[in-house]
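The values are calculated or read from the model by the stated rules, or taken from the named source; none is laboratory data. As the structure is a computational prediction, the values presented were derived from the model and not from experiment. Glycine gets a Cβ as well: all are built from the backbone with ideal geometry, and neighbour counts include every protein chain shown. The accessibility values were calculated without ligands, DNA or RNA, using every heavy atom of the protein model including side chains. Shrake-Rupley method; radii C 1.70, N 1.55, O 1.52, S 1.80 Å.
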Amino acid sequence: MTDTTINIDVLIVGTGHAGAQAALMLRKLGYAGAVALVGAEADPPYERPPLSKAYLAGEEPFERMMMRPKEAWAELNIDLLSGRKIVSLDPAANEARCSDGERITYGKLIYAAGDCAAHANRYAGGAVIRLESVQNAHDQAAVAAASIAGAAKPYDAVPWFWSDQYDLKLQTAGLSNGHDKAVLRGDPDSRSFSVIYLKDGRVIALDCVNATHDYAQGRRLVATGGACDHETIADPGYPLFKPTARKG
């Protein structure tokens, strides 16, 4: 057991994508205070998605999964407090305690672990939802860092997700909860198609399989609340971004 104390301006608990992005964004925004990333893992922050694909398939070494080389974090003056497990937080005292008794005092705290994926989202009608995706981790980290750096902005990003499964690229945009119509665009037998979800005549979400153009164009409709005729968008030859796909 140790009784040492570390003093940090911004303590980020969690060395996953959200925590690492928050630290990097602080530096990008010009924040000059002392920043530290603390987590139980011994390795520097690494990308999770390729870990379950290219790494396990033996196509890439673990070193290629790193978000930054270890020395790059030091060059950015970001302390990696690796191999430390936080067992308690005292917000009133601005203090975190590690399992070995070490204490970390901080000015600001970013808690990038646990249930930080849950948030109120306007694309879900304001309901609290969980988005367990790299996109959500990245965007929420940017919002938290901007707030600390004095450039506060609201979280307002179209939910999206992607995954490569063998020869299939799966992409989603928006949230299909509460849709009243689902339109099939393309032929599933061709292994390239989309399902477009509408509510009150407006595109609220898309599920795309090997249909990157549909994904890119449809995401714009989700963001703008675009209204479309369901028979027209069922035609794969119809570009979803055409002006006839209107807002309001």
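Points to keep in mind about this one:
- Region 217-228 - residue that is free of Cβ contacts under 8 Å to residues at least 24 places away in the same chain and out of contact with any Leu (no Cβ under 9 Å at 6 or more places or on another chain) and, of those, farthest from residue 183 (Cα to Cα): 224
- Pairing residues of region 144-165 that are part of a strand (DSSP E or B) with residues that are hydrophobic (A, V, I, L, M, F, W, C), at Cβ distances under 6 Å and at least 6 apart in sequence or on separate chains, gives 160/173; 163/170.
- Cβ-Cβ contacts under 6 Å between residues 6 or more apart (or on different chains), taken from a first residue in region 13-35 that is in contact (Cβ under 8 Å) with a residue 60 or more places away in the chain to a second residue that is of a type outside the set (A, V, I, L, M, F, W, C) and part of a strand (DSSP E or B), are listed as 13/111; 33/9.
- Only residues that are in a loop (DSSP other than H, G, I, E, B) and either more than 14 Å from the chain's Cα centre (by Cα) or surrounded by 22 or more Cβ atoms within 10 Å (Cβ to Cβ) (or both) were counted in region 1-28, giving 6.
- Exactly one residue out of 83, 101 is assigned to a loop (DSSP other than H, G, I, E, B), touching an Asp or Glu at 6+ places or on another chain (Cβ under 7 Å) and modelled with pLDDT of 90 or more, and it is 101.
Conditions (1) touching a Pro at 6+ places or on another chain (Cβ under 6 Å); (2) charged (D, E, K, R); (3) at positive phi, marked per residue:
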site	(1), (2), (3)
139	no, yes, no
197	no, no, no
200	no, yes, yes
207	no, yes, no
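- Only residues that are outside any loop (DSSP other than H, G, I, E, B) and surrounded by fewer than 12 Cβ atoms within 10 Å (Cβ to Cβ) were counted across region 32-73, and they come to 4.
- Within region 199-240, tally of residues that are of a type in the set (A, V, I, L, M) and open to solvent by 50 Å² or more (accessible area, probe 1.4 Å): 1
- Residues within region 177-192 that are touching a residue at least 12 places away in the same chain (Cβ under 8 Å), open to solvent by 40 Å² or more (accessible area, probe 1.4 Å) and either in contact with a Phe, Trp or Tyr (Cβ under 7 Å, 6 or more places away or on another chain) or more than 24 Å from residue 127 (Cβ to Cβ) (or both), tallied: 6
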